[in-house]
Amino acid sequence: MSNDSTTAGYLTPVGDVPAYDQELEREISRWIRGLTGLDKNLVYPRWTDPQIQIPKNGTTWCAFGITTVPDDDNPAYIQTDAGAEQWSHETVEILTCFYGPQGMATAKQFRAGIFVSQNNDELNRAGMSFMQCGRVLNLPELINNQWVRRYDLSVQLRRKVIRTYDIKAVIETDNPITTGD
């Protein structure tokens, strides 16, 4: 199997790859905790296997899920002497759900903190930037036969994704380039 353009075959990215899955969820969890002040054991991703035990009733906590990650339609390709970089931009769409007796206050604090410039600077260090968010929605949830306060907020982040492929540049050659028969 080829991994550079000197021989035929499929190419896969080389070097650093973008953060997805648990690594991306950790960054988002840090961001939510930073804006809300919630403890790390009270902010976690939804839809995991195994499912995390939800906190006891009467506790304020947050569950979030990455719902979609659409890409721009046409990535850019930048050829360098070392290889080719594919640049694209993604929108990371996140659903945050704040539960418990202080769920609304925490959701509103999170939403307000999103618009603070210094908080966006911290998000930039993780390679992302705030794009937009919706309204806080009151959507109580029945958990273990008991109604629990729940407040949802959809947030969109943007990030630039760079993948490097080992595509060799044709700079000069002593032999003529031919195109086959």
Note to self: Once ligands and nucleic acids are excluded and a 1.4 Å probe is used, how much of residue 23 is accessible, expressed in Å² to the nearest 10?
What the structure shows: 110 Å²
Notebook entry, point to check: Which net charge results for the neighbourhood of residue 23, defined as the other residues with beta-carbon distances under 13 angstrom from its beta-carbon, given Lys and Arg at +1 and Asp and Glu at -1?
Noted result: -1
Margin query: How large is the accessible surface of residue 26 in square angstrom, using a 1.4 angstrom probe and rounding to the nearest 10?
Written below: 120 Å²
Note to self: How much accessible area per residue does the range 46-181 have, counting only protein heavy atoms and a probe of 1.4 Å, in square angstrom?
What the structure shows: 64 Å²
Margin query: Run lengths n ≥ 4 of DSSP H only: what is the helix-derived mean residue ellipticity at 222 nm for the chain, with -39500 (n - 2.57) per run over all residues, to the nearest 500?
Written below: -6500 deg cm²/dmol
Margin query: I need the peptides 134-142, 99-107, 159-167 ranked by packing, meaning the mean over residues of other C-beta atoms within 10 angstrom, with the highest value on top.
Written below: 99-107, 159-167, 134-142
Check: Taking the Cβ-Cβ separation of residue 12 and residue 40 as r and a Förster radius of 35 Å, what is the calculated FRET efficiency to the nearest 0.05?
Finding: 0.55
Item checked: Protein accessible area in the chain, 1.4 Å probe - carbon and sulfur % -> 48 percent
Next item on the list: Run through the DSSP bridge list for the chain and note the antiparallel percent, rounded to the nearest 5.
Entry: 95 percent
Next item on the list: At q = 0.19 Å⁻¹, work out log10 I(q)/I(0) for the range 1-153 with the Debye formula, treating every Cα as an identical point scatterer and leaving solvent out; two decimals please.
Entry: -1.20
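The values are calculated or read from the model by the stated rules, or taken from the named source; none is laboratory data. From a predicted model like this one, the values you see are computed outputs, not experimental measurements. In this analysis, Cβ positions are derived from the backbone assuming ideal geometry, glycine residues included, and neighbour counts consider all displayed protein chains. Each accessible area value is taken on the protein alone, full model and side chains, heavy atoms only, with ligands, DNA and RNA left out. Shrake-Rupley method; radii C 1.70, N 1.55, O 1.52, S 1.80 Å.
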